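Here's the structure, in structure tokens; my notes come after.
Throughout, read-outs are computed from the coordinates displayed, never taken from laboratory work. For clarity, every value in this text was computed on a predicted model and none was experimentally measured. Every residue, glycine among them, receives a Cβ derived from its backbone with ideal geometry; neighbour counts consider all protein chains shown.
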Amino acid sequence: MRRSQGTETTHKAVLNPSMIRVINVLLACPDDQGAWGVWLAEQADVATGNIYDMLHTFVNRGWLVKEQEATNPRDRRRQPRSFYRFNGEAGREAARDAVEQQTLGRRAYEAEARRAEMREAERVAATAAWTRPIRTTG
């Protein structure tokens with residue numbers, strides 16, 4: 001694991017498709033602009049019950065920082081909202097690198113699977129050519 005300017009960058013950061021969508025939504029935001037958790041859930045098509053676990057993971061990896069909304073302490077009608085943004089350019093780059101590595105890894109795996117299928121099809125075709133009955137005229 002490599003650390004860079006307080007953010008965790010790892011070659012083994014496993015991201016599920018929902019996590020990748022959340023990061024891509026954040027990457028589409030202008031520099032140093034973040035978003036509320038509920039808005040991120042809506043934009044990334046992720047259940048609000050899952051978004052905060054993902055965001056907590058990203059904060060723990062050092063990619064994001066979490067800020068609490070300032071509210072009037074006498075207003076108890078709702079909890080303060082959490083605002084998430086990248087932890088500087090280093091956090092943005094670490095998240096982008098993790099998404100790219102995950103995407104490239106998946107593409108490489110799929111490409112290798114297609115090559116293996118083609119090799120198997122060629123092997124079956126070659127075997128079938130050798131096992132055809134020979135017709136004799138008689």
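For Gly88, the shell of other residues with beta-carbons less than 11 Å away shows a net charge of -2, using +1 for Lys and Arg and -1 for Asp and Glu. Summing charges over all other residues whose Cβ lies under 15 Å from the Cβ of Gln79, with Lys and Arg as +1 and Asp and Glu as -1, gives +3. Given a Förster distance of 22 Å, report the FRET efficiency between Gln43 and Thr103 from their Cβ-Cβ distance, rounded to the nearest 0.05. Efficiency, rounded to the nearest 0.05: 0.70.
What does the net charge come to around Lys66 if you take all other residues with beta carbon closer than 12 Å to its beta carbon, with K and R at +1 and D and E at -1?
Numbers: positive: Arg81, Arg85; negative: Glu67, Glu69.
Net of charged neighbours comes to 0.
Give the relative contact order (percent, whole number) for region 2-130; include only Cα pairs under 8 Å separated by 6+ residues. Write down the numbers at each step before the final one.
Details: 129 pairs, mean separation 38.7, N = 129.
For region 2-130, the relative contact order is 30 percent.
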